[in-house]
Amino acid sequence: QVQLVESGGGLVQPGGSLRLSCAASGSILSINDINWYRQGVGVQRELVANISLRSGITNYEDSAKGRFTFSRDNAKNTVYLQMNSLKFEDTAVYYCNAIVKNELGYTGSYWGQGTQVTVSS
């Protein structure tokens, strides 16, 4: 079993910052990719940012470029998404998704429970 736990969401004013965390635990041999999705009210879930933990290559959705940045702590199997200059339209539930190879060699996609980010004045 693999578990993902997100944290770091909250209420912030426009222009503010938050740092989301995604911590993976369990039967992990390796983590290939970490994806952050978000889902606002009444809209489809969308991919916001992605990092390949093997190559370090990151990709950001256009509205996130220049504002969101990945960092990671390999020893803790934790990835962080620093979100700066937050806007009203960033309000959503943010979900961490990881592509993980477990100790039996199985590669699967796992999801966290989500963390609410609310940008409001």
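Below are the figures for this structure:
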{"read-out": "Segments classed as strands (runs of 3 or more DSSP E), wholly inside segment 54-121, with at least 2 members that are buried (at least 18 other Cβ atoms within 10 Å of the Cβ)", "value": "68-73, 78-83, 92-101, 115-119"}
{"read-out": "Residues within segment 31-53 that are surrounded by fewer than 13 Cβ atoms within 10 Å (Cβ to Cβ) and either aromatic (Phe, Trp, Tyr) or within 19 Å of Thr78 (Cα to Cα) (or both), tallied", "value": "0"}
{"read-out": "Some residue of segment 10-18 being within 10 Å of the chain's Cα centre (by Cα) and either farther than 17 Å from Val100 by Cα or open to solvent by less than 60 Å² (accessible area, probe 1.4 Å) (or both)", "value": "no"}
{"read-out": "Residue match in segment 34-53 (condition: over 24 Å from Gln3 (Cα atoms) and touching a helix residue (DSSP H, G or I) at 6+ places or on another chain (Cβ under 9 Å))", "value": "no"}
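The values are calculated or read from the model by the stated rules, or taken from the named source; none is laboratory data. Keep in mind that this is a model prediction, so the values were computed, not measured. In this analysis, Cβ positions are derived from the backbone assuming ideal geometry, glycine residues included, and neighbour counts consider all displayed protein chains. Heads up: the accessible areas ignore ligands, DNA and RNA and are worked out on the full protein's heavy atoms, side chains in. Shrake-Rupley method; radii C 1.70, N 1.55, O 1.52, S 1.80 Å.
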